[in-house]
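Okay, so here's the structure we're looking at.
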Amino acid sequence: MVWQPAENRYTSMKYNHCGKTGLKLPAISLGLWHNFGNDTPHQTKQAICRRAFDLGITHFDLANNYGPPPGSAETAFGEILKTDFRGYRDEMIISSKAGYNMWPGPYGEWGSRKYVIASCDQSLKRMGLDYVDIFYSHRFDPNTPLEETCGALDQIVRSGKALYVGISSYNSKRTREAAAILKVLGTPCIIHQPSYSMINRWIEEDGLVDTLEELGIGSIVFSPLAQGMLTTKYLGGVPDGSRASQSKSLNPAFLNERNVENIRALNSIAERRGQTLAQMAIAWVLRGGRITSALIGASRVEQVEDCVKALDNADFSADELAEIDRYAKD
Ligand code: NDP
C-alpha cells in the first residue's frame, strides 16, 4: 500500500521566514549527511524521512558528497521521493550543495563554474528531480574568483535547476562579498548554512549572525547537537553504533573526562527545564529568533521525535543562559 503522510502534519511545527524572503522553513530541518549512505538499511532511511515529514519537517538538506559512498544519500533520497513523496514535491524544500571533493581530477571540487554546474546536474539526476529548492556553494574557494562561483549559482537558477541559492560556512567578510555579487546578478543569496551549537559559537564571534540579519539573509545552522555530543548518549561511554564509535566525523577524543563532565552539567540544566539535553541544545540555537532553522541529523526515528519537542520549551531565562555559558564553551 502507498504510504500516506499524517493529516495533522502541520499542526505543531513552527515555520520561520528565511531572512527577508517569502520562503518559510521549519524551525527544525533534517539533514542527510550521515545515516543515509549504503551502510544504513533503506527501511531506516525511509522511516526517518516519513516520520520527519509527518512531524512538519518540510525541509530535507543534502549535498553531492553525502554517503558513503559520495552521492549515495542523494540516490537513496531520490528513491524515497519516488516511492513515498511523489505527490508531495510542492510541500517540500530540498537542498543540495557543491564544494567538497566529488570526483577525480581538477574539476571535481571547490568553486569553478565547471564543477558547480556539473555537480548540480549530477545531484538532480541522482535524486530524480527537475530542480532543487536551494542550491549552495558548500565552501568558499580561495583559488576561484567569487564572481565565477556566484555566476555559476546564478546560472543554475536562471536555467531552472534551483529556485534559490545560498552559501555554506563562508565567514562574515566573504558572505558580504558573495551577497553583493549575487545581488548585482539578480539572484539574491537567501540563506547561509554555518555550524553552530552551544559549544561552537564561531558565528557569534565572527559577526556572521549580525551580518546575516543586516543583509536579510536567513540562517540554517548545522550540527546543533555537535554531532550527538550535546545529548545524553555519551554520558556512560561510547555506545556501539553511535557516530563516535564509527570513526566518522566525530572524534572520540572530544569525549574526554572534562567535556563529559560539562555535558553532564548541561544535562542537569535541561532536566530542570523539563526537557532532554538534545531538546535544550536545539532550543538554544533558536533562542531569540535570529536563526531560521536548526538542521539536525538522526540515525533513528525516535531521535527526530525527541528533537522536534524542543519547540515545546524554547524560552530561556537570563540565569539559565548564564549557567549554560559556564559549562558550554567553544
Ligand atoms: P547533529 O548535531 O544534529 O547530530 C546528529 C546526530 O546526533 C545523530 O546522527 C545522532 O547520533 C545524534 N542525535 C540526534 N538526535 C538525537 C537525540 N534526540 N538523542 C540522542 N542523540 C541524537 O547534526 P549533524 O552533525 O548530523 O548535521 C546535521 C546536518 O547538517 C547534516 O545532515 C547536513 O545536512 C548538515 N551539515 C552541513 C555541513 C556543511 O558543511 N554545510 C557540515 C555538516 C553537516 P548517532 O548517529 O550517533 O545516533
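The values are calculated or read from the model by the stated rules, or taken from the named source; none is laboratory data. Computed from a prediction, not measured in an experiment: that's the story for all the values here. Cβ atoms come from the backbone with ideal geometry, glycine included; neighbour counts cover every protein chain shown. Just the protein is used for accessible areas: all its heavy atoms, side chains included, with ligands, DNA and RNA removed. Shrake-Rupley method; radii C 1.70, N 1.55, O 1.52, S 1.80 Å.
A few comments on the model shown:
- Ordering of 284-295, 123-134 by burial proxy (mean other Cβ atoms within 10 Å per residue, highest first): 284-295, 123-134
- Largest first and in whole Å, the equivalent-ellipsoid semi-axes of the range 168-209 read 23, 10, 6, each the square root of five times a Cα gyration tensor eigenvalue.
- Accessible area per residue, Å², the chain with all protein chains present, probe 1.4 Å: 44 Å²
- The convex hull around the C-alpha trace of the range 52-130, projected and averaged over every direction, spans 5.3 square nanometres.
- Stretching the chain fully between Asp240 and Trp202 yields a gain of 10.6 nm (0.36 nm per residue, less the alpha carbon separation).
- Net lengthening on full extension, Phe254/Glu302 (0.36 nm per residue, minus Cα-Cα): 14.8 nm
- Computed from label points 7 Å out along Cα-Cβ, the spacing between Lys82 and Ala47 is 2.3 nm.
- On the beta carbon distance between Trp103 and Asn38, with R0 = 30 Å, the FRET formula returns roughly 0.95.
- Against the main long axis of the alpha-carbon atoms of the chain, helix 42-54 sits at an angle near 80°.
- Label zone at Thr11 (point 7 Å along Cα-to-Cβ), backbone N below 19 Å, the range 297-319: 305-313
- Note on the range 1-147: with charges restricted to the Cβ of Lys and Arg (+1) and Asp and Glu (-1), its dipole about the Cα centre is near 160 debye.
- Accessible area of the range 234-304 belonging to carbon and sulfur atoms, whole % at 1.4 Å probe: 47 percent
- Beta bridge orientation in the chain: antiparallel %, DSSP, nearest 5: 15 percent
- Computed from the Cβ-Cβ distance with R0 of 41 Å, the FRET efficiency linking Asn143 to Asn313 stands at 0.35.
- Each residue of the range 119-136 was assigned a 3J(HN,Hα) from its phi angle through the Karplus expression (A = 6.51, B = -1.76, C = 1.60, θ = phi - 60°), giving 5, 4, 4, 5, 4, 4, 5, 4, 8, x, 10, 7, 8, 9, 6, 10, 10, 10 Hz with x at Gly and Pro.
- With a Cα cut-off of under 23 Å and a minimum spacing of 8 residues unless on different chains, the lysine pairs in the range 1-147 number 11.
- The local environment of Gly241, defined by Cβ-Cβ distances under 13 Å, has a net charge of +2 under the rule Lys, Arg +1 and Asp, Glu -1.
- For the chain, the spread of Cα positions along the three principal axes, ordered from largest to smallest, is 52, 51, 40 Å.
- Peptides 113-122, 138-147, 219-228 ranked from most to least packed give 219-228, 113-122, 138-147, packing being the mean of other C-beta atoms within 10 angstrom over each peptide's residues.
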